[in-house]
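The structure appears right after this line, and notes come after that.
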Amino acid sequence: QVQLVESGGALVQPGGSLTLSCAASGISGSIYSMGWYRQAPGKERALVATRIVAGIPNYAEFAKGRFTISIDGVKNTVSLQMTSRKPEDTAVYYCNLRKGWLEYWGQGTQVTVSS
């Protein structure tokens, strides 16, 4: 059974930094991509960043220059380094994995940006 487990969510002050991590287990063979989405209260889930294994990253406009995604296609892990946090970054962040036509999601980790 495939499982994605996120970690690193926390309460941070505006301007601070935070790194989220996600580890996938139960996967056999090569994966296509891993990434991060987020869902703020009252809003739909939205792309933050994704990365194809051995490919270039794809960032949402709000993430460019502030967030960095890293992926390990052997260990099936992905991390998201976030800097210059803003209150509007408050959301539940979800890890995503794609393998062929299959797609998997983690349970989400809460990130709150507040003073």
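The values are calculated or read from the model by the stated rules, or taken from the named source; none is laboratory data. Since we're looking at a predicted model, the values are computed, not measured. Cβ placement follows ideal geometry from the backbone for every residue including glycine, while neighbour counts extend to all protein chains displayed. Surface accessibility is based on the protein's heavy atoms, side chains included, excluding ligands, DNA and RNA. Shrake-Rupley method; radii C 1.70, N 1.55, O 1.52, S 1.80 Å.
There is no residue in the stretch 79-88 that is of a type in the set (Asp, Glu), within 17 Å of Thr109 (Cα to Cα) and part of a loop (DSSP other than H, G, I, E, B).
One residue alone among Arg85, Arg45 is within 13 Å of the chain's Cα centre (by Cα) and charged (D, E, K, R), and that residue is Arg45. Selection within the stretch 30-46: residues that are assigned to a loop (DSSP other than H, G, I, E, B) and open to solvent by less than 60 Å² (accessible area, probe 1.4 Å). The member of this set that is farthest from Thr112 (Cα to Cα) is Ile31. For the stretch 54-74, the tally of residues that are surrounded by 15 or more Cβ atoms within 10 Å (Cβ to Cβ) and part of a loop (DSSP other than H, G, I, E, B) stands at 3. When residues in the stretch 80-115 are screened for being open to solvent by 30 Å² or more (accessible area, probe 1.4 Å) and either closer than 15 Å to Gly29 by Cα or touching a Leu at 6+ places or on another chain (Cβ under 9 Å) (or both), 15 of them pass.
Taking (1) polar (S, T, N, Q); (2) buried (at least 18 other Cβ atoms within 10 Å of the Cβ); (3) without any contact (Cβ under 8 Å) to a residue 60 or more places away in the chain in turn, Thr77 satisfies each apart from (2). Counting only residues that are under 20 Å from Ile69 (Cβ atoms), touching a residue at least 60 places away in the same chain (Cβ under 8 Å) and either among the small types (Gly, Ala, Ser) or outside any strand (DSSP E or B) (or both), the stretch 3-29 holds 8 of them.
Taken together, the residues in the stretch 11-22 that are open to solvent by 40 Å² or more (accessible area, probe 1.4 Å) and under 20 Å from Gly106 (Cβ atoms) amount to 3.
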